[in-house]
1. Of the conditions (1) open to solvent by 40 Å² or more (accessible area, probe 1.4 Å); (2) in a strand (DSSP E or B); (3) small (Gly, Ala, Ser), Ser299 clears all except one; give me its number.
2. For the stretch 61-71, enumerate the residues that are of a type outside the set (Ser, Thr, Tyr) and open to solvent by 20 Å² or more (accessible area, probe 1.4 Å).
3. Of all residues in the stretch 60-71, which are of a type outside the set (A, V, I, L, M) and either touching a Gly at 6+ places or on another chain (Cβ under 8 Å) or part of a loop (DSSP other than H, G, I, E, B) (or both)?
4. What about His287, is it more than 30 Å from Ala13 (Cβ to Cβ) and at pLDDT 95 or above?
5. When the residues of the stretch 155-172 are narrowed to those that are of a type outside the set (A, V, I, L, M, F, W, C) and in a helix (DSSP H, G or I), which ends up least open to solvent (accessible area, probe 1.4 Å)?
6. Considering the stretch 1-59 alone, what residues qualify as being part of a loop (DSSP other than H, G, I, E, B), among the β-branched types (Val, Ile, Thr) and surrounded by 15 or more Cβ atoms within 10 Å (Cβ to Cβ)?
7. Sort out which residues of the stretch 232-270 are touching a residue at least 40 places away in the same chain (Cβ under 8 Å), assigned to a helix (DSSP H, G or I), touching a Ser or Thr at 6+ places or on another chain (Cβ under 7 Å) and open to solvent by less than 30 Å² (accessible area, probe 1.4 Å), and write them in order of number.
8. Which members of the stretch 94-115 meet the condition of being under 21 Å from the mean Cα position of the chain (by Cα) and of a type in the set (S, T, N, Q)?
Amino acid sequence: MISILIPFKNTQAYLNACLESILKQTYKDWEILAVDDCSTDNSKDIVEGYAKLHPNIHYILNTGNGIIPALQTGYRHAKGQFITRMDSDDIMVPYRLEVMVQSLRLYGHGHVAVGQVKYFSEEGISDGYTRYERWLNQLTAKGTNYTEIYKECVIPSPCWMVHKSDFEKCDAFNPTRYPEDYDLTFRFYANHLKVIPCKQVLHLWRDYGTRTSRTHEHYAQNYFLEIKLHYFLKLEYNTKRTLVIWGAGYKGKTIAKKLTKKNIPFIWVCDNPNKIGKHIYGTELQHFSLIESLEEPQSIITVANDKAQEEIRKFLSQQNQEQALDYFFFC
């Protein structure tokens, strides 16, 4: 059986479509654990109405406040051997559960099943979300999601499935670090769960102005940087190698400031002649060509421009350095 966890709060406009998409799944052995995160609209009545008609749909009131406590509350009731999550404002394509279960049964434990996603919105999809969708789906098609894990969240929160035993190995929903989906992705990565490639769109991702990931402070840029640096230092950082920060924009400065507070030494480089030679947080900015003289440097790259990133890749390739081993894009 699959346990589907759905935290919800004030999504009465979308809950019917969400729940109906699950009822229409070709794979039928599932339970819904719908956790009410203190809704003030008609969401509770909608879920309770479905629960009365379908014994495998369960309404649960959050014992805390927020998405993580809601997920923790729901997970305590989970009976399935497979675990997945769903957002209450999104839609599953009819064969999503079947594809994911078949993938996990084929590949076995130690894997995470994912699917490609497609954004939809009555207001239209921005170029930024279109690029993110295309980038994410390209990774998912090959199962190479982890190669870009320090850029953005490479496993979308409402479109993954794992064996419950593997989920427990990754500490389930216990950590209270936001953004919770990005943290979970890093824990999949840290525990060596391999991503199963998928070339099918399995999830329809609704975008609208008041969506939680757009409006809640827990999904602001500083939280993403905090998680990236936390896991980089835990999983990648080698104290025997020279750490280099590329770029002196907002992200570069934020990371430099955090490293300085932690008393972690680093070299700071960029290509901006107006910044080279300046001291920020006690560290002098230097020209990136300095890297050529360093022995086995390890780099955090905070340069966001796509063209500049390609130039950096080319430069580092000439230094026999590999992405996700010697250098990591943080944007």
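The values are calculated or read from the model by the stated rules, or taken from the named source; none is laboratory data. On a predicted model such as this, the values are computed, not experimentally measured, just so you know. Backbone-built Cβ (ideal geometry, glycine too); neighbour counts: all protein chains shown. Only protein heavy atoms, including side chains, enter the accessible area calculation; ligands, DNA and RNA are left aside. Shrake-Rupley method; radii C 1.70, N 1.55, O 1.52, S 1.80 Å.
1. Evaluating Ser299 over (1) open to solvent by 40 Å² or more (accessible area, probe 1.4 Å); (2) in a strand (DSSP E or B); (3) small (Gly, Ala, Ser) leaves (1) as the failure.
2. Let us first name the residues in the stretch 61-71 that are of a type outside the set (Ser, Thr, Tyr), namely 61-62, 64-71.
Once the filter is applied, which keeps residues that are of a type outside the set (Ser, Thr, Tyr) and open to solvent by 20 Å² or more (accessible area, probe 1.4 Å), the stretch 61-71 yields Leu61, Gly64, Asn65, Ile67, Pro69.
3. Correct list: Asn62, Thr63, Gly64, Asn65, Gly66.
4. Details: more than 30 Å from Ala13 (Cβ to Cβ): yes; at pLDDT 95 or above: yes.
For His287, the condition - more than 30 Å from Ala13 (Cβ to Cβ) and at pLDDT 95 or above - is met.
5. It comes out as Asp166.
6. Listed by number, the list holds a single entry, Thr11.
7. If the condition is that a residue be touching a residue at least 40 places away in the same chain (Cβ under 8 Å), assigned to a helix (DSSP H, G or I), touching a Ser or Thr at 6+ places or on another chain (Cβ under 7 Å) and open to solvent by less than 30 Å² (accessible area, probe 1.4 Å), then Gly252, Ile255 are the ones that fit.
8. Listed by number, the list holds a single entry, Ser103.
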